[in-house]
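Student: Before I ask anything, let me first share the structure, which is written out below as structure tokens.
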Amino acid sequence: MNSAAMMTQPPQPGFFKRHGTVIRMITICVMVMFLMIPLAMIESVLKERMYRRNGVVGEISSTWGAEQTINGPVLMVPYITWITVIKEKTVNGKEEKIPELQSRIAYAYFLPASLKISGILDPNVLHRGIYEAVVYSGTLHLSGSFTKPVFDEWGVKPEDVIWKDATVSFMITDLRGTKDVISLKWGDKSIPLATGSKIKENPSGLHARLGASPFDGDSSNFELAVALNGSGSINFAPLGGCTEVKLSSSWPDPSFRGSFLPVERKISTEGFEAIWQMSCYGRAYPQQGAVTVSGSLPFSTDAVKASLFGVSLISVVDSYRYVERSIKYGALFIVLAFTAFFLFEILSQLRIHPFQYTLVGVALSMFYLTLLSLSEFINFGLAYLAGAVAAIGLITFYSAYVLKSFRRASVMAVGLTAIYGFLYVILRQQDYSLLFGTVGLFIVLAVVMYVTRHIDWYARDERVK
């Protein structure tokens, strides 16, 4: 009887059928990880294109003019300092230590009491192949005053100050835009400037010897006009006790950067005007200092770099950066698409082959390659639209046959359209991208939970024959 009962008992499903849903989910996860390979390859292509673009921009900059930094003026005054040296001498047959006074040359550095810089930047966009670089030209007018140096801090006598070797230095990154002889107006004198700043940390620039009597009174004024070519951005060091910089340009998309922002700014489609004002209290180095080695600054160059401020003439839309950010969401796109297909399998009793999942994942990956290639030639928004339409159209057409229903394929099309639209919003909203992305994922999770709330996953696997 037992044997008869066993013969009439229905056969039990095997292990793979009893755990078919779990195995299906594991298979989908493996496919998602596998599809990270083409995404990584596309990202590698993106990096190669960015490297190529940066190289071309660097080549253009190297022939036109580099990113400019205006650092100066700095007044250097050498002076004699006396030190006592103990020397051993033989006196009456005995070795004795005798103090001897010897002179050494030291160098005092002074920053201007006031510094004003004004200029107009004339921007231009240079092209090489499909790449472009933003460059500019213009003339900067520097003026200000130096207070007559006081050497009491170092205990130096007036007769030990070597005024005839006093120099003033201007550290400027690139002077290739200069076409005429540059003269410095110092008080009532006009002094031609020589090349080189005479500063070891920043050798590029200009310098001038001021002569034996650089100060007729308690201070001396200076003026300088210098023509420059540059690319990308221009920066300034706030070396004055009070520093004021006024810049204007027809470039409509400035990016103000550095340790100080403009106190006044006007930006329109016709260009910008900006004014910076700051005092020496906002930086980490003093107005004066002394060293024993000529050409070495008495304060840290890192401190000077930390105090730089200026403006970048940049292109607002950097398509490569947008593509790079969009690729970071590639895995999420694939997961959401596969989740939709998986739910169709569960709710509509369909069977979708892993190969069909893979083709859909590849189509999603192709969107990023399409976006990258098109954005090099057309506006990023249009490239995004073209890539999204191509990907949605291809997946919708394929889904109509895989899901065996044009209605289900339409649901996929609507879902993909919403996802691509949402990603575009996230890309444009840089400051709120994390918030928007979190809210979007929460909504997607809520929809999946709502759709699958009545599914008895154990009972479903037990019904499998």
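The values are calculated or read from the model by the stated rules, or taken from the named source; none is laboratory data. Computed from a predicted model, the values in this text were never measured in an experiment. Quick reminder, even Gly has a Cβ in these numbers, built from the backbone with ideal geometry, and neighbours come from all protein chains shown.
Student: Of the residues LEU350, LEU359, only one is on the phi < 0 side of the Ramachandran plot and assigned to a helix (DSSP H, G or I); which?
Tutor: Of LEU350, LEU359, the one residue that is on the phi < 0 side of the Ramachandran plot and assigned to a helix (DSSP H, G or I) is LEU359.
Student: Something else: Which of the residues spanning the range 363-402 are under 33 Å from the mean Cα position of the chain (by Cα), modelled with pLDDT of 90 or more and β-branched (Val, Ile, Thr)?
Tutor: Passing the criteria: THR370, VAL389.
Student: From the residues in the range 313-328 that are in a loop (DSSP other than H, G, I, E, B) and without any contact (Cβ under 8 Å) to a residue 24 or more places away in the chain, which one is surrounded by the most Cβ atoms within 10 Å (Cβ to Cβ)?
Tutor: The qualifying residue surrounded by the most Cβ atoms within 10 Å (Cβ to Cβ) is ASP318.
Student: From the list SER62, SER103, which residue is surrounded by fewer than 13 Cβ atoms within 10 Å (Cβ to Cβ) and under 41 Å from the mean Cα position of the chain (by Cα)?
Tutor: SER62
Student: Any chance the range 36-50 includes a residue that's surrounded by 16 or more Cβ atoms within 10 Å (Cβ to Cβ) and acidic (Asp, Glu)?
Tutor: Yes, because at least one residue in the range 36-50 is surrounded by 16 or more Cβ atoms within 10 Å (Cβ to Cβ) and acidic (Asp, Glu).
Student: Out of the residues in the range 111-151 that are surrounded by 21 or more Cβ atoms within 10 Å (Cβ to Cβ) and aromatic (Phe, Trp, Tyr), which is nearest to ASN221 (Cα to Cα)?
Tutor: By that ranking, first place goes to PHE146.
Student: Being in contact (Cβ under 8 Å) with a residue 24 or more places away in the chain and either touching a helix residue (DSSP H, G or I) at 6+ places or on another chain (Cβ under 6 Å) or closer than 27 Å to ALA237 by Cα (or both) narrows it down to one residue among ALA290, ALA284, ALA303, ALA331; which is it?
Tutor: ALA290
Student: Can you find even one residue in the range 152-166 that is outside any strand (DSSP E or B), in contact with a strand residue (DSSP E or B) (Cβ under 9 Å, 6 or more places away or on another chain) and buried (at least 21 other Cβ atoms within 10 Å of the Cβ)?
Tutor: yes
Student: In the set VAL291, VAL304, VAL311, which member is over 24 Å from the mean Cα position of the chain (by Cα) and modelled with pLDDT of 85 or more?
Tutor: Only one candidate qualifies: VAL291.
Student: Where residues in the range 321-362 are charged (D, E, K, R) and within 28 Å of the chain's Cα centre (by Cα), which of them is farthest from ARG52 (Cα to Cα)?
Tutor: Residue satisfying both the conditions and the ranking: LYS328.
Student: Do any residues in the range 337-353 that are within 18 Å of LEU416 (Cβ to Cβ) have Cβ atoms under 9 Å from those of residues that are surrounded by fewer than 15 Cβ atoms within 10 Å (Cβ to Cβ) and hydroxyl-bearing (Ser, Thr, Tyr), where the two are at least six apart or on different chains, and which pairs are they?
Tutor: Partner pairs satisfying both residue conditions: LEU343/THR452.
Student: Same structure again: Out of THR167, THR178, I need the residue that is among the β-branched types (Val, Ile, Thr) and in contact with a His (Cβ under 7 Å, 6 or more places away or on another chain). Which one?
Tutor: Exactly one of THR167, THR178 is among the β-branched types (Val, Ile, Thr) and in contact with a His (Cβ under 7 Å, 6 or more places away or on another chain), namely THR167.
Student: Mind counting the residues in the range 422-443 that are surrounded by 13 or more Cβ atoms within 10 Å (Cβ to Cβ) and at pLDDT 80 or above?
Tutor: Residues flagged as surrounded by 13 or more Cβ atoms within 10 Å (Cβ to Cβ) and at pLDDT 80 or above within the range 422-443 amount to 6.
Student: Being among the hydrophobic types (A, V, I, L, M, F, W, C) and surrounded by 22 or more Cβ atoms within 10 Å (Cβ to Cβ) is the filter here, so list the residues in the range 205-214 that pass it.
Tutor: LEU206, ALA208, LEU210
Student: Please go through the range 167-188 and give me each residue that is surrounded by fewer than 17 Cβ atoms within 10 Å (Cβ to Cβ) and at pLDDT below 90, ordered by number.
Tutor: ARG176, LYS179, ASP180, VAL181, ASP188
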